[in-house]
Every structure is written in structure tokens, then in C-alpha cells.
There are 2 protein chains.
Amino acid sequence: MIESKSKNAAPETVAGNGLLHRRIFLTRGAALLGAGSLGLLTPTLAVAQVAPEMPVLAKVPGAALSGYGNRSVFEEGIKRYNIRTYPGTTGSGGSWTPLESLEGIITPSALHFERHHSGIPDINPDVHRLLIHGLVDRPLIFSMDALSRYPMVSRIQFIECSGNSRVGTAPKPVQMTAGGLHGLFSCSEWTGVPLSILLEEAGVDPKAGWLLAEGADSAAMARSVPMAKAMDDALIALYQNGERLRPSNGYPMRLFLPGYEGNMSVKWLRRIKVTSGPTMTRDETAEYTDTRPDGSSLMFTFPMEVKSVITAPSFGRNLQGAGLYEISGMAWSGAGKIARVDVSVDGGQTWGQAALSEPVLSKAVTRFRVAWQWNGGPAVIMSRAVDDSGAVQPNRAQFLAARGLKRNYHYNAIQSWKVAANGEVSNVYA
Amino acid sequence: MIESKSKNAAPETVAGNGLLHRRIFLTRGAALLGAGSLGLLTPTLAVAQVAPEMPVLAKVPGAALSGYGNRSVFEEGIKRYNIRTYPGTTGSGGSWTPLESLEGIITPSALHFERHHSGIPDINPDVHRLLIHGLVDRPLIFSMDALSRYPMVSRIQFIECSGNSRVGTAPKPVQMTAGGLHGLFSCSEWTGVPLSILLEEAGVDPKAGWLLAEGADSAAMARSVPMAKAMDDALIALYQNGERLRPSNGYPMRLFLPGYEGNMSVKWLRRIKVTSGPTMTRDETAEYTDTRPDGSSLMFTFPMEVKSVITAPSFGRNLQGAGLYEISGMAWSGAGKIARVDVSVDGGQTWGQAALSEPVLSKAVTRFRVAWQWNGGPAVIMSRAVDDSGAVQPNRAQFLAARGLKRNYHYNAIQSWKVAANGEVSNVYA
């Protein structure tokens, strides 16, 4: 391999330490960058200026067709992280999406994070029923066939466990991948029946203010949901990424509450009881409450706040020498759309705007990208998301000052990665 | 199960035989439909007005967490169709996506259609290289690592084999599912490097008008691509639906030409040669040309035209008695966005507009939905897509009159389904 020696006009920088203007990602190609483009890319990349030497061509026919395909044997190392079942439980545990191995905004269903309270039932859809009862004019029971005749909607939206990223409160930064730190978080295309239609069918009593949603797993995981959310954008989800839900995501049906803490999107949904107030279930009193500095707890803090994480570079995705790199990451907010993502490559002293990949959808992952001309020196990179409600992702010091160290949920502080001179990336508090 | 007897105001119809206004799919729920909503839904659906009887709750803990998940055992019957390898070849064959089992716009990668010319190689990404040569200033070779440092873009877009739906030219309608008839067609989120950037890197000679793209499969499948397309929206795709490409979709890299016939999006891409004219490969002369009524052939008819298919109801998805149903389907165009989908439930005499599910993206599947109050009599249902270039999907008679019966590619005529009084759905020419 011979690196090209050509070097043309310098690219346009927007912040300190080599952060480039996002224009490079907003145009169709380098052509629109003008004469600087070749100088920007060529010297930095391991491309070879060589005589045409043919890459390998297969000499024998490949594998046969199949009914339901799988990935390459060379990709089998990409797995969910931190797989654990808590001792002394009947199957309470979790697994984390390897965010740093993904691109775009869709999480493959096989890599969607998991958080279960009593293992994963695989329920026969022919026997499963959904009951709607409580403060309604007419209690109703829906089979899968009945539900399938209702109007459906599809939306690409994220789901995030409220305990995601809590490792960020540890006194020293834990050295893990982006997925290991922040991967209780995934984004899918969900299709289902708006819950509002079913509630209208049942006829909601004017005294009703909440509902109880309960799963058919042996833990009977249950949460209280405000009626306003149920009537807004809640779905009874039947499909994920085109096909039926996976068992680990609530097959054959789950509640889906866009933007709310994941635990409330009750899987294997079997019952919705319309109530006047919250039911105060074990799952919302013993867990999923936010401990305040004085030891008291905040309940019912539902929306997941604005957040982002850089996935490339990140721990385990080290840099190979000075030059041009794409910084790429995910941003999201339970309040709506991502309005802007700022990136810093000098530890937060100066910031430049990243390009947002279309489509930018409400309560979905937004992929952001920006170019960085790394000079080979130590650097700290960070991203800061802003949503269309105006909320700004806090840095760690701001987050802890406001909420205290005892907080186990809703951690959304800025993730900082340190790039060492040898290209190694580590998790730092900055 | 007891069906409710309540019946309120009649819903608003927009075309003959019970086609309802799309408004029902444009609002958040039945609440916004007013008093008619309950009358619309309740009498038609198998919901029961019963005393609260609990649906089944699991009595034992479920399965354990896993690194890479799978679907429910109850879904294992959902497979690709028509799986075949042509006799006398080294592995030329195809398989069809079961479109009628999907919802939303994303096709799960495990169900993406296949069309291979010499089986499916599983290429080691560490040894694979992409060569760009021919009429360029500097021939370049890219490793996967080198490519991964270039700016990437993500787009949700379809890919369709140009031979898709050719069974529609058969003298009598073939009785198959929507996927069996039209499933050489899928839609994914693709992420990759714009080809224009790599061509700019290599420096394209002003005399260049085309390029040759060649795969690393043992057939060395190769097609000619106009330079204008290469510089417009062509990608070197590395990711599909969040993860790396599947081997059946060209792992570790494929060309992706949005809206163009699928065969041109060369899989297992190993070589791009910049040329002055088309190379006239075997794959674009012996195949993938359009035979005209006089026996001559049209070459280089690249864009896939505007098209749609109703997936529910469809062959194999029969109706269960008179009442309300959701008609749901997919529309797409290689020219751009879907502007409108009209639906008829009286064999094309009258038409009403379907609701288009967001997001409506260029060269992507657009999911359309409309409500139908079926009176239990025989009916013929059809959908007609219109794209934002103004192109209108033709009916079968119009298509054949214009293009002749010998045409093997680019069949995009309207699909008609007949619903019999007993609810059975069949493929008809109407």
C-alpha cells in the first residue's frame, strides 16, 4: 500500500482541534466541496495508488438459497453485552445492544436490548387474549385476529430502559464499549393499533385518569400509565421491523409508549385496567423511582430526556494514525425530534454542529455525523444533543449537581471519549 | 364471545361498495371521528362484551437471554417463497419475500428477497478489496478499514428485481400470495459511502460516461452503470437495517443504485471500471433486456416504475365475514416519492384515496391504508399508485397494450384481488 502524497487546499474547520464543517456530509459528494476535496481525503486514508491488481474472485459457487437467512460467519462476534440474570430471581435480567457496531437508525431485532423480569415466554398467539376492563362502559377481550382488523400505524421510534447509562454515576469511569455503557437502548419500526381506538371502543368513564398495563409473563410485570399518554401516541404493537414482534420484545403483543421509560411499554400485554389513579405496583414503587440527594424518591418520571452518544470513535474502536475520520453517533429525545447535535473534539472548549442524517423523526434515533482531521495528539471528544423542545443534554457535572449521585435512573449526561496519541479510546469524565 | 349490538351513525364513504374516507387513518384515534366511531368498529369485530375473565398468565419463568435473538416458534412458517435454483447452473436462483406477512416499510434482512447467479459466497472482509480503475487519474484499492473512514449516509430505500411480477403476463391469473407474485422486492435501511466521493478520489477522466460494476461471486456478475447515476445517489453499501450486510445481500459490500433494477446493484462488489461506454456484459445482453412486440429488445431500461400491491386482504389472507376491514398495502416508485394511492373495491369503477403512513421517503416503500366496510358480497379490490413525477400505475390491459406480451421485465400493472362471498381471496385480471 502506498499513500498518496497529494495535498490541496485545507478543509474548512468549525471548531478547535480539527473539527470540520458538516457541509461535507450535507452534499452528495466531494465534488461539491471544490478543489479542497482531494486534499481532504486522499492523504489520510489507507488507499493505494497502485497498478490495477484484481481483488479476489470466488472460484467455486456459493451457498444455496434459504427460507429465513442469517448473517455472515465473520459477523458472529457482534452480540448483545452484559448478559446477566440476577441471582435469586426467576429470570430477571438484561442484555445490552452493541451500539458501536450499528449504523443508521434501525436496530436489528436480533440485537435489540433485553430487560425481563421473569424470562422470555413464547406465547401461542392463538390462545393469547387482551382484556380491557375497569372504568369502562364495556369490558372487551381481543384475540389476535380481532386486533388485526383494526386500523394500524407504523412508526420508527426508540425504546430505552430508564436504568440505561447509570454506570455513569460510578466514581471512576468504567472502561466499556458504547453499547456496554448505553445499550439498554434500541430503535425499531413498530406497527400496531393505536390504544386510543380500543379505549374508545370500550368507552372510558369520565372519572378515569390512569390505566394499569400488565404482562402475561410469570412476573406479571405491571405499570401505571396516565390516560393522557394512552390517548396520545400509545400503541398495541404487533410488528417490529416488518415482522411480528420477537418473544424478547413481547410477542405476540406489547404496549408501546413512545419516549417513555422502556419498562412502561409492557411486554406480553394481557390486561389493561382503566383506573382513577395509579395502581402503585411493585414495579413502580420498589423500582423505577428516582432517588433524590435527601434520600426521598421521585415517582412517575416517565419521559426519557434528550441524549446522545458518539459510537465512532469509541471504546474498542481505536484510531489508526492521524488523519481524517468520520465521527458518527446517535441522538434521541423522548420529548420529540432532535433539533441539533454539537460535537467537540477539544474536551468541550469549542463546539461545531454535526450533520443530521434524514429522516429526523420524533422519538427516534437520529444519526449524526461530522468529519474530524485528527492531528495525532491526545483529544477528548463529546456530543451534546438539543431537542425541539429546547432541552439541552447536560454534562456530567451539571447532571450530578442537579440530581445527585444516588440517582439510578434517567442518566442522560454527555459521554466523553479520550483519544490517546496511540489512537486508543477510553471512557473519561470531562 | 358475544358481539356488541350497538350501532351509531354510519361512517363516511368515498367510493362505491363501502370504501371509507381515509380520515380514520389520519387521526390519532376514533375519538376524533366523533359519534360515528363506535358504530363503525364495534359491530364488525370479534370483540366480546363479557365479564372480565383473565387471559392466560405464564405460570413458569420463560427462556433465558441471548447474544443474538430469534423469532417465535409460532412464526417459523413465515418464509421466503418460490425458492429455486435453476438446473444446469452453478447456483443461479431466487427467493421471494412474503410481502403479505409484513407490516410497515422495513423488510427484515432474514426475509429479503434473493436473486443470485452463482450461489452466496461468504467473503472474509479482511481480505476483500474494492478496485476502482479504468478512465481515472489514479486507480485505487480500498480495504474495508479504508472505506469505513469515509463519510457515510443512511437511506431507507427499496430494491426490486426487474423480473418481479412477470407472472402477470401469464394468460390466466396464477393463484399465489402477494409475496409469491410480487416478492422479488424488499425495502431496507442502507448505509454506505457515496460512490461519487470515491470516484472524485480516483479522479474521473472527462471522456468517461459509464462504469462497469463487477461482483466477486464465481459468476462475476457485471453490469454497466451510467456515470450520471453513479455521481447522483449511488452508494457502496456496507450496512443493512443497522448491521453489516447479510451474505445474501452482498457482504461485505455491494453497489446500491436507488430505484434502478435490482440486478444493477451488484453484490460482493470487487471492481468498478470507469469506461467511455457500456461494456455490454452477458448480464445485460443475454438477460435483463425488454423484448418488444416485434421481437427486438430494449436495453438499459433502468428505473423501476411506479407500482403498488394490496397485501391485506390478498391470496391466503381471506376475510372472516362481512364487516369492517383494513385494506393495507405497499407502494413504491424508482422515480421518487409516492404522491397518492387510489383504492377501488368495485373493480375499478370508483376510487378513493388511501392514507399514506409517514415517513413517505423517496424510492422507499410507502405503506398505505384505507378502511372498507365489506357488505359480504363478491368484490374486486385494486390499488393504483401515483408518484411525484406524475406517473400513474397502469392497469393490466394498458400495460400489455403498450408493451406487449413478450415482455419479461418491468411489469408494474395494477394487481386485482377478488373477494368471494365466502371471504376467499383470489388473483384475477380485471
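Could you check how many residues of region B:355-380 are more than 20 Å from the chain's Cα centre (by Cα) and outside any loop (DSSP other than H, G, I, E, B)? The number of residues fulfilling the criteria is 6. For residue A:247, state whether it is at pLDDT 95 or above and in contact with a Phe, Trp or Tyr (Cβ under 8 Å, 6 or more places away or on another chain). The answer is no for residue A:247.
Sort through A:185, A:158 and tell me the only one that's in contact with a Cys (Cβ under 6 Å, 6 or more places away or on another chain), among the aromatic types (Phe, Trp, Tyr), at pLDDT 95 or above and crowded, with 23+ Cβ neighbours inside 10 Å. Reasoning before the result, please.
Values: A:185 fails: in contact with a Cys (Cβ under 6 Å, 6 or more places away or on another chain).
Checking each option against the conditions leaves just A:158.
In region B:92-157, counting only strands (runs of 3 or more DSSP E) that sit wholly within it, the ones holding 3 or more residues that are of a type outside the set (Phe, Trp, Tyr) and over 23 Å from the mean Cα position of the chain (by Cα) span B:130-134. Among the residues of region B:115-146, those identified as touching a strand residue (DSSP E or B) at 6+ places or on another chain (Cβ under 6 Å), hydrophobic (A, V, I, L, M, F, W, C) and in contact (Cβ under 8 Å) with a residue 40 or more places away in the chain are B:120, B:130, B:131, B:132, B:135, B:136, B:140, B:142.
For residue B:59, the requirement of being more than 30 Å from residue A:154 (Cα to Cα), more than 9 Å from chain A (Cβ to nearest Cβ) and assigned to a loop (DSSP other than H, G, I, E, B) is not met. The criterion of at least 1 residues that are within 30 Å of residue B:103 (Cβ to Cβ) is met, among strands (runs of 3 or more DSSP E) falling completely within region B:188-276, by B:235-240, B:254-256.
Within region B:172-182, track down each residue that is in a loop (DSSP other than H, G, I, E, B) and either surrounded by 24 or more Cβ atoms within 10 Å (Cβ to Cβ) or charged (D, E, K, R) (or both). Spell out the reasoning first.
So the first thing to find is which residues in region B:172-182 are in a loop (DSSP other than H, G, I, E, B), and the list is B:172-177.
Answer for region B:172-182, where residues must be in a loop (DSSP other than H, G, I, E, B) and either surrounded by 24 or more Cβ atoms within 10 Å (Cβ to Cβ) or charged (D, E, K, R) (or both): just B:172.
Residue under question is residue B:105, and the condition is that it be crowded, with 20+ Cβ neighbours inside 10 Å, of a type in the set (Val, Ile, Thr) and either at the interface with another protein chain (Cβ under 7 Å from one of its Cβ atoms) or under 30 Å from residue B:166 (Cβ atoms) (or both); does it hold? The answer is yes for residue B:105. Scanning region B:312-340 for residues that are among the polar types (S, T, N, Q) and either outside the structural domain of residue B:394 (by TED's automatic domain parsing) or over 20 Å from residue B:163 (Cβ atoms) (or both) yields B:314, B:318, B:320, B:328. Being within 11 Å of chain A (Cβ to nearest Cβ), closer than 19 Å to residue A:70 by Cβ and among the polar types (S, T, N, Q) is true of residue B:248. In the condition set (1) within 27 Å of residue B:161 (Cβ to Cβ); (2) among the charged types (D, E, K, R); (3) away from chain A (no Cβ under 14 Å), residue B:346 is compliant with all but (1).
In region B:131-149, of all residues being closer than 30 Å to residue B:361 by Cβ and more than 7 Å from chain A (Cβ to nearest Cβ), the one that is modelled with the lowest pLDDT corresponds to B:148.
Within the bounds of region B:95-104, is there any residue that is at pLDDT 95 or above, among the charged types (D, E, K, R) and not assigned by TED's automatic domain parsing to the domain that holds residue B:374? First the steps, then the outcome.
Applying the first criterion (at pLDDT 95 or above) to region B:95-104 yields B:95-104.
Going one step further and asking which of them are among the charged types (D, E, K, R), we end up with B:100, B:103.
Imposing the further condition that a residue be not assigned by TED's automatic domain parsing to the domain that holds residue B:374 reduces the set to B:100, B:103.
Checking region B:95-104: at least one residue is at pLDDT 95 or above, among the charged types (D, E, K, R) and not assigned by TED's automatic domain parsing to the domain that holds residue B:374.
Whether any residue in region A:297-307 is small (Gly, Ala, Ser), more than 14 Å from the chain's Cα centre (by Cα) and not in a strand (DSSP E or B) is what I want to check.
In the first step, residues of region A:297-307 are kept if they are small (Gly, Ala, Ser); the result is A:297.
Right, trim to more than 14 Å from the chain's Cα centre (by Cα) and you get A:297.
Right, trim to not in a strand (DSSP E or B) and you get none.
No, region A:297-307 has no match at all.
Among the residues of region A:335-343, is any surrounded by 21 or more Cβ atoms within 10 Å (Cβ to Cβ), touching a residue at least 12 places away in the same chain (Cβ under 8 Å) and more than 15 Å from residue A:387 (Cβ to Cβ)? Write out each step before concluding.
So the first thing to find is which residues in region A:335-343 are surrounded by 21 or more Cβ atoms within 10 Å (Cβ to Cβ), and the list is A:338, A:341-343.
Narrowing further to those that are touching a residue at least 12 places away in the same chain (Cβ under 8 Å): A:338, A:341-343.
Within this subset, residues satisfying the condition of being more than 15 Å from residue A:387 (Cβ to Cβ) are A:343.
The answer is yes; a qualifying residue exists.
Among the residues making up region A:246-286, those that are aliphatic (A, V, I, L, M) and out of contact with any Ser or Thr (no Cβ under 8 Å at 6 or more places or on another chain) are A:253, A:264, A:266, A:269, A:272, A:274, A:286.
Given the options B:376, B:352, B:336, B:329, name the one that is under 16 Å from residue B:104 (Cβ atoms), of a type outside the set (A, V, I, L, M, F, W, C) and at pLDDT 95 or above. Spell out how you get there, then give the answer.
Values: B:376 fails: under 16 Å from residue B:104 (Cβ atoms); B:352 fails: under 16 Å from residue B:104 (Cβ atoms); B:336 fails: under 16 Å from residue B:104 (Cβ atoms).
Result: B:329 is the single residue among B:376, B:352, B:336, B:329 that is under 16 Å from residue B:104 (Cβ atoms), of a type outside the set (A, V, I, L, M, F, W, C) and at pLDDT 95 or above.
Selection within region A:117-129: residues that are more than 7 Å from chain B (Cβ to nearest Cβ) and surrounded by 20 or more Cβ atoms within 10 Å (Cβ to Cβ). The member of this set that is nearest to residue A:250 (Cα to Cα) is A:123. Taking the criterion of being under 27 Å from residue A:122 (Cβ atoms) and of a type outside the set (Lys, Arg), the residues of region A:201-223 that qualify are A:211, A:212, A:213, A:214, A:215, A:216, A:217, A:218, A:219, A:220, A:221, A:222. When residue A:111 is tested against (1) more than 7 Å from chain B (Cβ to nearest Cβ); (2) farther than 22 Å from residue A:214 by Cα; (3) in contact with a strand residue (DSSP E or B) (Cβ under 8 Å, 6 or more places away or on another chain), only condition (1) is not met. Return only the number of the condition from (1) outside any strand (DSSP E or B); (2) within 14 Å of another protein chain (Cβ to nearest Cβ) that residue A:327 does not satisfy. The failed condition is (1). Can you tell me which of (1) hydroxyl-bearing (Ser, Thr, Tyr); (2) within 14 Å of another protein chain (Cβ to nearest Cβ); (3) in contact with a helix residue (DSSP H, G or I) (Cβ under 9 Å, 6 or more places away or on another chain) is the one residue A:162 doesn't meet? With respect to (1) hydroxyl-bearing (Ser, Thr, Tyr); (2) within 14 Å of another protein chain (Cβ to nearest Cβ); (3) in contact with a helix residue (DSSP H, G or I) (Cβ under 9 Å, 6 or more places away or on another chain), residue A:162 is out only on (2).
With respect to residue B:84, determine if the residue is more than 17 Å from the chain's Cα centre (by Cα), outside any loop (DSSP other than H, G, I, E, B) and more than 7 Å from chain A (Cβ to nearest Cβ). First the steps, then the outcome.
Values: more than 17 Å from the chain's Cα centre (by Cα): yes; outside any loop (DSSP other than H, G, I, E, B): yes; more than 7 Å from chain A (Cβ to nearest Cβ): yes.
Criteria met by residue B:84.
The values are calculated or read from the model by the stated rules, or taken from the named source; none is laboratory data. Treat the numbers as computed from the prediction; the structure is a model and nothing was measured. Methodologically, a virtual Cβ is constructed for each residue, glycine included, from the backbone with ideal geometry; neighbour enumeration extends over all protein chains shown.
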